[in-house]
Number of protein chains: 4
Amino acid sequence: MAVKYTTEQIAALLEKVSNWGRWGKDDQRGALNFISNEKRAAAARLVQSGETVSLSLPLATRPSRDNPRPVTHLMIRSGVIGHPLESSGAADYFAIEPHGLATTHLDALCHHFWRGRMYNGFDMGEVDFQGAHKCAIDVCREGVISRGVLLDIPKIRGAEWIEPGDAIHPEDLDAAERDHRVTAGEGDVLLIRTGRFKLRRTKGAGAIALGAMPGLHASCLEWLHRRRVAVLGSDAISDVLPSGYDAPLRMPIHTGTLVMMGIHLIDNAELEGLAEKCAREGRYAFMFNPLPLVLERGTGSPANPVALF
Amino acid sequence: MAVKYTTEQIAALLEKVSNWGRWGKDDQRGALNFISNEKRAAAARLVQSGETVSLSLPLATRPSRDNPRPVTHLMIRSGVIGHPLESSGAADYFAIEPHGLATTHLDALCHHFWRGRMYNGFDMGEVDFQGAHKCAIDVCREGVISRGVLLDIPKIRGAEWIEPGDAIHPEDLDAAERDHRVTAGEGDVLLIRTGRFKLRRTKGAGAIALGAMPGLHASCLEWLHRRRVAVLGSDAISDVLPSGYDAPLRMPIHTGTLVMMGIHLIDNAELEGLAEKCAREGRYAFMFNPLPLVLERGTGSPANPVALF
Amino acid sequence: MAVKYTTEQIAALLEKVSNWGRWGKDDQRGALNFISNEKRAAAARLVQSGETVSLSLPLATRPSRDNPRPVTHLMIRSGVIGHPLESSGAADYFAIEPHGLATTHLDALCHHFWRGRMYNGFDMGEVDFQGAHKCAIDVCREGVISRGVLLDIPKIRGAEWIEPGDAIHPEDLDAAERDHRVTAGEGDVLLIRTGRFKLRRTKGAGAIALGAMPGLHASCLEWLHRRRVAVLGSDAISDVLPSGYDAPLRMPIHTGTLVMMGIHLIDNAELEGLAEKCAREGRYAFMFNPLPLVLERGTGSPANPVALF
Amino acid sequence: MAVKYTTEQIAALLEKVSNWGRWGKDDQRGALNFISNEKRAAAARLVQSGETVSLSLPLATRPSRDNPRPVTHLMIRSGVIGHPLESSGAADYFAIEPHGLATTHLDALCHHFWRGRMYNGFDMGEVDFQGAHKCAIDVCREGVISRGVLLDIPKIRGAEWIEPGDAIHPEDLDAAERDHRVTAGEGDVLLIRTGRFKLRRTKGAGAIALGAMPGLHASCLEWLHRRRVAVLGSDAISDVLPSGYDAPLRMPIHTGTLVMMGIHLIDNAELEGLAEKCAREGRYAFMFNPLPLVLERGTGSPANPVALF
């Protein structure tokens, strides 16, 4: 089942799935172009009960093994201030590095490079000390509202979770679609559940090897390209780690999606509640709304994606 | 037209519009309770064309007269790193104080106090150095998805904008509803356009008196209470400033909404594009999605609210 | 040798060593008052060779077991910026929480409270959201220049280091003075070496129990009081931990020095190089210069104390 | 009196004052090498009364015209915390960009580039996203203890301050030396008073043209080189601004000192108190101690330099 590509084969595969030039040489939105107005209107028509599920972890303010640099959250004013006349309100401050393994966030297309290039061939030098001058997260300014589709891989494997280091292959995606009676298609936000957070809660963060992640094998890239998904998300970081490839191909899914196809990634989405909801409802498609912050020149954004049923 | 309340009258008015206890003594969600599943489903049914409008200002990383403490945005890695093998991606960091006059954000109910209390009678001491132990912004975890209604006050006054310091009265809200053929009701997110950002762009930030803001007069509190709106937003900060009242009643709309009614506020929403869209479409109601970050114990969150038509 | 005080005995001891009122009821400088101009001039006369030893750890920008919230150090500009014309220089940014176990820093007298009070009886409410309105670190604005005296406890015990949790008693201080032919006296900066960083480098940070520290037993308070030392420093945090006492007496040395005697503390000083130098020179007194930053309302400051021989 | 160099002449002058290679091709300490142990010992022998003067501005936590990005100072714990049992102490956090016009700081040699190079010919690419791999501020780890010499330029011109934009020439330095009966020499820390902070306090920050600074004319470079000063400081930023030269030669004193001679700079030193002290004492030389923080890879450090008389 598992194809073991050579580095050359991966490089060839990356060329094959490229969307560079597909929406013009100046395009910075990539596969977001698959989300048409009609696609959004159709996503809204999926709403029946009006129930919601948030896919966001709380912002992690405490350090842990997989979160060495937690969010700094400090108070500016509060109700326990000494001078009563001033205590009319409370305010706070937070400092965050959205990337990594602890924050639910969107990766901008400028987050990853391959051979000195980012999506659509822009030079990686377009990201400098002022931030990203191309393909920054603010291309998602209008939100990423579309149909969301969940594929619950542990469910179809009869497991509680996919073990860190275990790869998901196109056959798994096909099997999940058959089981869930859903087909991922053009403009969809595709969410892959690995059960990572169920494992983490069951065994504790300390029991999980640093750097090991369940995720998609490189052979899924062609599947994603064929289906024309707009955005890919996961409760891990989409790539299986270790991937079996060395740098700079250490994360072929990141390279294939962000750089070649222009597919934004959602990392560290909390999918346990969503999976339960989908199983209970017997449907795995829903209206989906991640609304990243408008951080011009940003390489990503923390987000609170919400599924609406 | 303008009622000039005494401080005692304001205090009595605040008691009159109180929702304390309305949803139980432990409730921390306030008027969000007006947003039922059915309300959300109905909001989704408003979607026709699938077009979107973002109401978020870009995160303001440069200081200005009304933004003395801008967002700190710094790069962690980029494409111009010295060591080529490591330059496989870019990442950044930002630090933000969401409140103030420069960031599009939601105010949590714990953001404001009155006589030592926050919404539902919780003691202001519940906000301490660890943050807010009651009424934090994470009560909006599932998003604030509902029907949005825009009332464009400059339009009905035949002006380009409301001057800073000019108050909006219930009669203005009624007139706008008549003009727009819309009626704000239970569970709606009500957005009040003052044209602040049109003024700011036309005359420059330096031309606007510090501390002066167009906004609602205290006499609107009963109107808001009667209509059972869930959330109130504005392109300013909802209160007219100066309000004519001294501390601690300096911002009676903040006190009446956040503390007494449990109505979350959206401050500094960019409503120019939305107003143009509404005028063009001839409709002032739409599906509305602000999805604040899940910052447990936070007093507010930056947000990118998006209207869907 | 080890006295085991009851809580009541400690409380009585704290009263006994109190310097409250000694320099007037408004005094915020505490035992810094022991450093006269003549004391500083005498310290300068100690200088012979002009050789220097820094007692500062590098600011710790990586997380470790004893440094969960490391310094954030990010670049604003650098030599690898994309736009050549702008690359005339480099600049950076750092964010720091000086207290804790990882940064060489001075504790301001406002850093610690006892029964709601700080040094000289000031109410702990004087430290609020704006910072410390009394006894802030800027009382050290003119520097803490004086005679420094090192007492090397492992040396007189014939050990490489004092084990975490092991207490140092007045007898140890006396023995070290005899061995080193030095007597700590009025206005001195007294530095106690425990060998903590030798242990940490030998065994690794992971091998040391969290919360265990070598340090002074409460019975040293009277010794310190009698000697009229101005400032106390250590390569740990002066208190032995666990101290054998529960909160709020968990750190009796902190309480006795900062709160009762008005003695500033230097935590996490790197004393390995200094100890080698003192042993080589056969002298344990030197000119000492910690110059904390002038952070008005600050509760402490990172510092680079330098000993001059 | 004022020489107007052409750009070519400046470039030639820069070559002439170069210390590249003087202390070996790997040297990163530059003119700090002029401070010998004997120099430090001699500096200590200058101490007579033991009186001290701090040259540090308080860290500026409020924005002003010349401080658009002030220090962020926030509290982590304080005496007004809600839960009494935890209120045993106070701690804080600060975030700082040391460079600019508001913080008393040392510039590391890596802070400035000229034709792609920093001091001793190191490539500017040695400063990347990890910080400075060469010539970082931690080369000052042992402090910059030496003789300090103040030249009070307004005094010898009979003015209260030097106007922003007015240049100081070698003749001024010579005249000040004669007046003060002092001669700057090898290894000295030379401090140039312009009276900038007297002007700022008298007229207000708003009255001073942005970007205009009193300071040394490029013709002083040879003087500095001849005298072999180790460090140069000022109550402004050493360069007169506008300098009359365009980028990249906009700050020829920065280029000549940091890049060519390897002279560290002290910017924004508060020299009013020092000038009064020197005038009162009738002596302009003293023991000088700036002890920058040990920020490995840092491009500078806030500092509290203290003069000892």
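Criterion first (out of contact with any Cys (no Cβ under 7 Å at 6 or more places or on another chain), farther than 17 Å from residue C:176 by Cα, of a type in the set (D, E, K, R) and at pLDDT below 95) does residue C:203 satisfy it? Here the answer is yes, as residue C:203 does meet what is asked. Residue C:4 meets the conditions (1) at pLDDT below 95; (2) surrounded by fewer than 16 Cβ atoms within 10 Å (Cβ to Cβ); (3) of a type in the set (D, E, K, R); (4) not in a loop (DSSP other than H, G, I, E, B) in every case but one. The failed one is (4). Given the condition closer than 23 Å to residue D:177 by Cβ and surrounded by fewer than 24 Cβ atoms within 10 Å (Cβ to Cβ), answer yes or no: does some residue in segment D:289-303 qualify? No: zero hits.
Listed by first and then second residue, the pairs linking a residue in segment C:288-309 that is more than 7 Å from chain D (Cβ to nearest Cβ) to a residue that is among the acidic types (Asp, Glu), with Cβ atoms under 6 Å apart and 6 or more places separating them unless they lie on different chains, are C:300/C:107; C:309/C:51. When segment A:90-101 is limited to residues that are within 21 Å of the chain's Cα centre (by Cα), crowded, with 22+ Cβ neighbours inside 10 Å and outside any strand (DSSP E or B), the one that is farthest from the other protein chains (Cβ to nearest Cβ) turns out to be A:98. Residues of segment C:196-222 that are under 21 Å from residue C:275 (Cβ atoms), under 18 Å from the mean Cα position of the chain (by Cα) and of a type in the set (A, V, I, L, M, F, W, C): C:197, C:213, C:216, C:220.
Let's see how each residue does on (1) under 21 Å from residue B:55 (Cβ atoms); (2) in contact with a helix residue (DSSP H, G or I) (Cβ under 7 Å, 6 or more places away or on another chain):
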site: B:145; (1), (2): yes, yes
site: B:148; (1), (2): yes, no
site: B:176; (1), (2): yes, yes
site: B:209; (1), (2): no, no
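Just need a number here: residues in segment D:238-273 that are small (Gly, Ala, Ser), at the interface with chain C (Cβ under 10 Å from one of its Cβ atoms) and under 17 Å from residue D:223 (Cα atoms). Matching residues across segment D:238-273 total 0.
Could you check, for segment A:69-89, whether at least one of its residues is in a strand (DSSP E or B), at pLDDT 90 or above, crowded, with 24+ Cβ neighbours inside 10 Å and facing chain B (nearest Cβ under 7 Å)? No.
Residues in segment A:11-59 that are out of contact with any helix residue (DSSP H, G or I) (no Cβ under 8 Å at 6 or more places or on another chain), crowded, with 21+ Cβ neighbours inside 10 Å and small (Gly, Ala, Ser) were compared, and the one that is farthest from residue C:66 (Cα to Cα) is A:43.
Tell me, yes or no, whether segment A:234-245 has at least one residue that is surrounded by 24 or more Cβ atoms within 10 Å (Cβ to Cβ), more than 22 Å from residue B:292 (Cα to Cα) and among the hydroxyl-bearing types (Ser, Thr, Tyr). Checking segment A:234-245: at least one residue is surrounded by 24 or more Cβ atoms within 10 Å (Cβ to Cβ), more than 22 Å from residue B:292 (Cα to Cα) and among the hydroxyl-bearing types (Ser, Thr, Tyr). Residue D:31 meets the conditions (1) at the interface with another protein chain (Cβ under 7 Å from one of its Cβ atoms); (2) in contact with a Gly (Cβ under 7 Å, 6 or more places away or on another chain) in every case but one. The failed one is (1). Only one entry in A:171, A:163 is closer than 18 Å to residue A:270 by Cα and more than 14 Å from chain B (Cβ to nearest Cβ), namely A:163. The residue list D:179, D:188 contains one member that is surrounded by fewer than 23 Cβ atoms within 10 Å (Cβ to Cβ), of a type in the set (D, E, K, R) and closer than 13 Å to residue D:151 by Cβ, which is D:179. Could you please let me know if residue A:156 is of a type in the set (A, V, I, L, M) and surrounded by fewer than 20 Cβ atoms within 10 Å (Cβ to Cβ)? In short, yes. For segment A:123-140, the set of residues classified as touching a residue at least 40 places away in the same chain (Cβ under 8 Å), at the interface with another protein chain (Cβ under 9 Å from one of its Cβ atoms) and touching a Gly at 6+ places or on another chain (Cβ under 9 Å) consists of A:127, A:130, A:131, A:132, A:133, A:138, listed by residue number. The set of residues in segment C:102-141 that are assigned to a helix (DSSP H, G or I) and modelled with pLDDT of 95 or more comprises C:109, C:110, C:111, C:119, C:120, C:121, C:137, C:138, C:139, C:140. Filter segment D:142-184 down to the residues that are in a loop (DSSP other than H, G, I, E, B) and closer than 22 Å to residue D:294 by Cβ and list them by number. D:142, D:143, D:144, D:145, listed by residue number. Just to verify a result, which residue in segment A:38-66, among those that are within 26 Å of residue B:96 (Cβ to Cβ) and of a type in the set (D, E, K, R), is nearest to the other protein chains (Cβ to nearest Cβ)? That would be A:62.
In the condition set (1) at the interface with another protein chain (Cβ under 7 Å from one of its Cβ atoms); (2) in contact with a His (Cβ under 8 Å, 6 or more places away or on another chain); (3) not aromatic (Phe, Trp, Tyr), residue B:107 is compliant with all but (1).
Can residue C:112 be described as over 21 Å from residue D:105 (Cβ atoms) and either charged (D, E, K, R) or in contact with a strand residue (DSSP E or B) (Cβ under 6 Å, 6 or more places away or on another chain) (or both)? It is true that residue C:112 is over 21 Å from residue D:105 (Cβ atoms) and either charged (D, E, K, R) or in contact with a strand residue (DSSP E or B) (Cβ under 6 Å, 6 or more places away or on another chain) (or both).
The values are calculated or read from the model by the stated rules, or taken from the named source; none is laboratory data. Note that the structure is predicted; figures quoted are calculated from it, not measured. All Cβ positions, even for glycine, are placed from backbone atoms using ideal geometry, and neighbour counts span all protein chains on display.
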